[in-house]
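Okay, structure first, notes after.
The values are calculated or read from the model by the stated rules, or taken from the named source; none is laboratory data. Everything numeric here is computed off the predicted structure, so don't read it as measured data. We place every Cβ from the backbone using ideal geometry, glycine too, and count neighbours over all the protein chains shown.
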Amino acid sequence: MKPGVSTYSLVDKIVSRQMSVLDVIQWISDQGGEHVEIVPAGYDLENNMELVDAIRLKAEGLKLDISNYAITANFVAGDAQACEAEIARVMKHVDIANRLGVKLMRHDVAFRPAEEMTESYFLGDLDRMADACRRIADYAAQYGITTSVENHGHYIQASERVERLIRHVDLPNFKTTVDIANFMCVDEDPIQACKRNVPYASMVHVKDFYVRPSDFDPGEGWSKSAGGNYLRGAILGHGDINVREILNMIKASGYDGYLSLEFEGMEDCLTGTRVGLDNLKRLWSEI
């Protein structure tokens with residue numbers, strides 16, 4: 001197992017131009033991270049091959065793995081022509097992943113508004129989503145890259161839908177990036193949901209949430225789950241998720257890949273990420 005950090009954890013510093021992505025990679029190495037996950041939020045790689053190469057060389061110089069490349073995508077927005085354009089765009093990102101030297105890549109699959117997140121919409125979209133994922137995974141196979149879907153964005157977030165999509169794609173190099181906290185966005189018990197999806201995991205995101213019931217509005221800084229409960233990002237180990245039990249279950253499953261810390265809290269992101277990474281390493285060693 002290798003603990004590390006997603007560049008998304010420090011997106012505030014990147015967007016404010018206080019740090020570049022190269023600064024973030026250096027910082028992660030300085031904190032004892034063993035890998036960096038590249039998430040182009042606050043910086044662009046699609047039109048900047050010089051930065052792609054600089055990221056790879058920076059990580060190589062630090063002997064820091066680039067674990068995963070994660071982008072957004074939506075294959076159900078628009079007509080068939082729009083879907084084809086989106087598939088082509090994601091394939092270009094597969095080329096970027098290869099240029100970065102990674103063997104894992106996460107792309108989102110679909111987003112729909114709340115009124116269209118029903119089972120009937122999901123079943124109607126399943127063949128289209130699976131075909132897109134299958135074609136991208138086939139394309140990625142030439143590079144030895146495994147692609148994945150994350151439990152992300154409400155529509156493809158519940159563990160049962162993630163599992164159905166993976167089984168429908170039915171390729172050995174299409175798996176899931178399991179985010180241990182994201183299941184709570186659709187009011188699913190994270191322990192049982194992780195237990196269901198970890199056998200399909202190519203990558204694990206580790207983060208924490210504070211949770212409050214729907215009849216208790218905590219005020220500013222909170223988002224709502226699909227069922228109306230309140231969620232707020234927390235420093236790993238400070239929130240309401242039983243992180244220790246989930247990590248214990250992940251270790252027992254035999255998973256021995258990357259654990260990528262994501263910080264989404266209101267605290268300073270450098271502090272939140274540093275403390276969270278220390279907690280991740282400590283908790284894993286204590287299990």
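Of the residues examined, residue 166 is one that is more than 22 Å from residue 78 (Cα to Cα) and either over 17 Å from the mean Cα position of the chain (by Cα) or surrounded by fewer than 23 Cβ atoms within 10 Å (Cβ to Cβ) (or both). For residue 181, the criteria (1) without any contact (Cβ under 8 Å) to a residue 60 or more places away in the chain; (2) of a type in the set (A, V, I, L, M, F, W, C); (3) crowded, with 16+ Cβ neighbours inside 10 Å hold in every case but one, which is (1). When segment 24-60 is limited to residues that are of a type in the set (Asp, Glu) and within 21 Å of the chain's Cα centre (by Cα), the one that is farthest from residue 106 (Cα to Cα) turns out to be 34. The set of residues in segment 231-257 that are basic (Lys, Arg), out of contact with any helix residue (DSSP H, G or I) (no Cβ under 9 Å at 6 or more places or on another chain) and either exposed (fewer than 14 other Cβ atoms within 10 Å of the Cβ) or within 17 Å of residue 1 (Cβ to Cβ) (or both) is empty.
Only one of the listed residues (161, 212, 167) is farther than 28 Å from residue 275 by Cα and without any contact (Cβ under 8 Å) to a residue 24 or more places away in the chain. That residue is 167.
Just one of the listed residues (124, 78, 101) is surrounded by fewer than 20 Cβ atoms within 10 Å (Cβ to Cβ), among the small types (Gly, Ala, Ser), in contact with a strand residue (DSSP E or B) (Cβ under 8 Å, 6 or more places away or on another chain) and over 18 Å from residue 205 (Cβ atoms), and it is 101. Of all residues in segment 152-197, those being of a type in the set (D, E, K, R) and assigned to a helix (DSSP H, G or I) number 7. Assigned to a loop (DSSP other than H, G, I, E, B) and farther than 26 Å from residue 164 by Cα: does that describe residue 240? Judged against the criteria, residue 240 is a match.
Here residue 134 does not fit the description of being in a helix (DSSP H, G or I), under 20 Å from residue 171 (Cα atoms) and over 21 Å from the mean Cα position of the chain (by Cα).
Suppose we keep only residues that are in contact (Cβ under 8 Å) with a residue 24 or more places away in the chain and out of contact with any strand residue (DSSP E or B) (no Cβ under 8 Å at 6 or more places or on another chain) within segment 258-270. Which one would you say is farthest from residue 3 (Cα to Cα)? Checking each candidate, the answer is 267.
When 265, 228 are screened for being modelled with pLDDT of 95 or more, surrounded by 20 or more Cβ atoms within 10 Å (Cβ to Cβ) and of a type in the set (Gly, Ala, Ser), only 265 passes. Can you tell which of 280, 270 is of a type outside the set (Phe, Trp, Tyr), buried (at least 22 other Cβ atoms within 10 Å of the Cβ) and not in a strand (DSSP E or B)? Result of the check over 280, 270: 280. Where helices (runs of 4 or more DSSP H) fall wholly inside segment 1-118, the ranges with 3 or more residues that are closer than 24 Å to residue 179 by Cα and in contact (Cβ under 8 Å) with a residue 12 or more places away in the chain are 11-15, 21-30, 80-100.
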